[in-house]
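Notes for the one structure printed next.
The values are calculated or read from the model by the stated rules, or taken from the named source; none is laboratory data. Predicted model only: the values in this text are computed from it and were never measured. Cβ placement follows ideal geometry from the backbone for every residue including glycine, while neighbour counts extend to all protein chains displayed. Side chains included, ligands, DNA and RNA excluded: accessible areas come from the protein's heavy atoms. Shrake-Rupley method; radii C 1.70, N 1.55, O 1.52, S 1.80 Å.
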Amino acid sequence: MSDKSRKLTAQEKRIYLRLLARTRPYAGRLALAVVFGMLFGGSVFGLLFSAKGGMAQVFGGRATRLQESADAWLQSWYGGNLDHDLLLTVAVLAVLLLFIALRGATFFLSKYLIEWVAQRVVMVLRNDLFGKILHLPMLYFTGSRTGELMSRTLNDTQLIERGITEVICDLVQQPFVLLGAATYLFFIDLRLAAISLAVFPVCLLPIAVFGKRVRRHSKAGQERIADLASIQQEAIGGAAIVRAFGTEDREQARFEKHSFDFFRRQIKITASKAAINPLMEFFSVLAACAILLYSRHAGLELSDIILFLGSMVLMYDPVKKLSRVHLVVQQSSAAAERIFAILDVVDNVADLPGARPLHGPISEIRYEGVSFTYGAGKPQVLDGIDSAARSGELVALVGGSGSGKTTLVNLLPRFFDPVAGHVRLDGRDLREFTLESLRRHIGLVTQETILFNDTVFHNVAYGEPGATREQVVAAAKKAHAHDFIQAMPQGYDTVIAERGLLLSGGQRQRLAIARALLRNPPILILDEATSALDTESERAVQLALNEAMQGRTVFAIAHRLSTIQRADQILVLDRGRIAERGRHAELLARGGIYERLYRMQFENQAPDAGVSAP
Ligand code: ADP
């Protein structure tokens, strides 16, 4: 009743039902909650009924059924030889207490059961969502989405929790409360009840009208605040521009316009809020006066009138709550929609039926007419790549930013699958192998080193939870990381807090190399860091890399001259195609793209890279 602004759309209903379907495993608890909800509603009737008996007993009036029953019961027990009136009063009041206790207990039980189910559904949803995020296709992740994904697992699931709890609680408890109270109205006086129920909605009119206004203006007010924030941000961030172009007055005027609009809306909200209560009170007292007038005519007792008004008041809460249900459904189905959108992502990089584990040595890795795009309608990122690497070779990928180097190597662990063509290991398409076994054969050292909030030992052993101390130390030694690890306060047991902020860039890279080496993968993908390290770190990382490459097939996105010079083949990428290929000296002599890149990138740094030209 408080908001008829928008009906639920079919989409919202469908999503909400899908959400509710998740409560199915707990159907027994929900059924029990409904039973307690009914008892809760019934207790309202009992409460009014026994209150009437209590009042009649204490203040006098027509004898009620409760008094008669209690009287008969007492008679059968005591035969009426004690202070009968006092006993009767106590007995009647005891019934009243019984009902209030029943009301409390049934409220508690139904609320508890529903909250339990809702929290449980949310917990499972949260876990499912995190599980899904761990398996989402890599295509799903582009930097800007991190915050959004986190917000879904935490905020949206919370919104859903409210959606489930409130809606089910309200639907399970409130209709019965309404029913209990309304029945009692009819119990007192049929005609008065019928008229009152017809007029009752009028008393709620102020909430309907003004509540809607409050919501409308609050939403607009929120938008104004956001506008104010962004104008302010621009004025601070662009302080120099504002002054240089002399637009101070214009900015001020723009700010004041939104500021005034915000003020206007706040005042309207205040006015609407302040109007609701007096109007409700006025209408309620008006209704009470009408009831009093009627009861004079119908000869109702005082207790009847009090309880009649009391039950009207008891009906207010259920009506308010039930009228709000669709709003809550709207909110939670919006949150549920965002969550289901993630849960519904199909992982098209999953294992094919009949996929076999990859075993043993790999003597050739071949790209055959491989093309790739990050989505229908998006530009072609790789275009007809043909290339082969034999076991033990070092393949250096070189090319301008955005030329497709990262995409090319990411096809190997099947972060994505080619749109056309094949990547083959000894003639077999990658898709013939199980993902897990394929990825076990590939070591990955990314530019940005991801360290976890754990000990050095566990960070190195990340992919091999069963690794022994000796294995970890051996890997660290190969990665030239052993010495600096030993120098840390607790050596291998030092906790790397805050994503390794206390480590230097070179140290982080060496830990990443150690992590990749621990698995002893036959294939190594190396995305060399572009960020400059100091000469000493650079040299240590270089030594680590040289060692890491020994005896493996390496695909290196090469930024270091030494890697490029040692490479068995250099693939020069240009807009998704292999523009040139060959060894360093051949490519230099050719005087093409490579030569240009080399002059631009490496000539000045050559002495720093610590490697003399061959
Ligand atoms: P490089 O490693 O050579 O810098 P990339 O393989 O990272 O090149 O990128 C090649 C092209 O693909 C670029 O134009 C880039 O904008 C685009 N691209 C890379 N990753 C994504 C992605 N996740 N979604 C859409 N486009 C992408």
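Just a yes or no: is a residue in segment 420-434 out of contact with any strand residue (DSSP E or B) (no Cβ under 8 Å at 6 or more places or on another chain), assigned to a helix (DSSP H, G or I), more than 15 Å from the ligand (Cβ to nearest atom) and open to solvent by less than 20 Å² (accessible area, probe 1.4 Å)?
no
Which of the residues spanning segment 287-309 are assigned to a helix (DSSP H, G or I) and surrounded by fewer than 16 Cβ atoms within 10 Å (Cβ to Cβ)?
288, 289, 290, 292, 293, 296, 297, 298, 302, 306
Restricting attention to segment 142-173, and to residues there that are open to solvent by less than 80 Å² (accessible area, probe 1.4 Å) and within 16 Å of the ligand (Cβ to nearest atom), which single residue is modelled with the highest pLDDT?
149
Taking segment 551-566, which residues are of a type in the set (A, V, I, L, M, F, W, C), closer than 14 Å to residue 409 by Cβ and more than 15 Å from the ligand (Cβ to nearest atom)?
Hit for segment 551-566 is 554, nothing else.
Taking the conditions exactly as written (under 34 Å from the mean Cα position of the chain (by Cα), in contact (Cβ under 8 Å) with a residue 60 or more places away in the chain and open to solvent by 60 Å² or more (accessible area, probe 1.4 Å)), does residue 519 satisfy them or not?
Against the criterion (under 34 Å from the mean Cα position of the chain (by Cα), in contact (Cβ under 8 Å) with a residue 60 or more places away in the chain and open to solvent by 60 Å² or more (accessible area, probe 1.4 Å)), residue 519 qualifies.
Of the residues 125, 97, 109, 129, only one is more than 27 Å from residue 37 (Cα to Cα) and of a type in the set (A, V, I, L, M, F, W, C); which?
The unique qualifying residue is 129.
Give the residue that is most open to solvent (accessible area, probe 1.4 Å), with candidates limited to residues of segment 406-417 that are more than 13 Å from the ligand (Cβ to nearest atom) and under 14 Å from residue 374 (Cα atoms).
417
Considering every residue within segment 534-551, establish whether at least one is basic (Lys, Arg) and crowded, with 18+ Cβ neighbours inside 10 Å.
Within segment 534-551 (the criterion being basic (Lys, Arg) and crowded, with 18+ Cβ neighbours inside 10 Å), the answer is no, since none of the residues qualifies.
Just one of (1) in contact (Cβ under 8 Å) with a residue 24 or more places away in the chain; (2) within 27 Å of residue 299 (Cβ to Cβ) trips up residue 111, so point out which.
Only one criterion in (1) in contact (Cβ under 8 Å) with a residue 24 or more places away in the chain; (2) within 27 Å of residue 299 (Cβ to Cβ) is unmet by residue 111, namely (2).
In segment 366-404, which residues are more than 8 Å from the ligand (Cβ to nearest atom), open to solvent by 30 Å² or more (accessible area, probe 1.4 Å) and in a loop (DSSP other than H, G, I, E, B)?
Those that are more than 8 Å from the ligand (Cβ to nearest atom), open to solvent by 30 Å² or more (accessible area, probe 1.4 Å) and in a loop (DSSP other than H, G, I, E, B): 376, 377, 391, 392.
I need the full set of residues from segment 314-338 which are open to solvent by 30 Å² or more (accessible area, probe 1.4 Å) and out of contact with any Gly (no Cβ under 9 Å at 6 or more places or on another chain), in order please.
316, 317, 320, 321, 322, 324, 326, 327, 334, 337, 338
Answer yes if at least one residue in segment 579-587 is under 16 Å from residue 397 (Cα atoms) and at pLDDT below 80, and no otherwise.
No, there is no match, as no residue in segment 579-587 is under 16 Å from residue 397 (Cα atoms) and at pLDDT below 80.
Since residue 209 meets every condition but one in (1) open to solvent by 90 Å² or more (accessible area, probe 1.4 Å); (2) over 30 Å from residue 57 (Cα atoms), which condition does it not meet?
(1)
Which residues, counting only those in segment 474-490, are open to solvent by 30 Å² or more (accessible area, probe 1.4 Å), under 22 Å from residue 441 (Cα atoms) and of a type in the set (A, V, I, L, M, F, W, C)?
474, the sole residue that qualifies.
How many residues does segment 199-239 contain that are modelled with pLDDT of 85 or more and hydrophobic (A, V, I, L, M, F, W, C)?
11
Of everything in segment 567-596 that's among the small types (Gly, Ala, Ser) and either away from the ligand (no atom under 16 Å from the Cβ) or part of a loop (DSSP other than H, G, I, E, B) (or both), which residue is most open to solvent (accessible area, probe 1.4 Å)?
589
Could you tell me which numbered condition residue 434 fails, if it satisfies all but one of (1) under 19 Å from residue 552 (Cβ atoms); (2) touching a Leu at 6+ places or on another chain (Cβ under 8 Å)?
(1)
Quick grid of which residues meet (1) in contact with a helix residue (DSSP H, G or I) (Cβ under 9 Å, 6 or more places away or on another chain); (2) of a type in the set (Lys, Arg):
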position: 19; (1), (2): yes, no
position: 22; (1), (2): yes, yes
position: 31; (1), (2): no, no
position: 41; (1), (2): yes, no
position: 53; (1), (2): yes, no
position: 71; (1), (2): yes, no
position: 74; (1), (2): yes, no
position: 86; (1), (2): no, no
position: 95; (1), (2): yes, no
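If a residue must be under 19 Å from residue 419 (Cα atoms) and at pLDDT 90 or above, how many such residues does segment 354-379 contain?
So the count comes out to 9.
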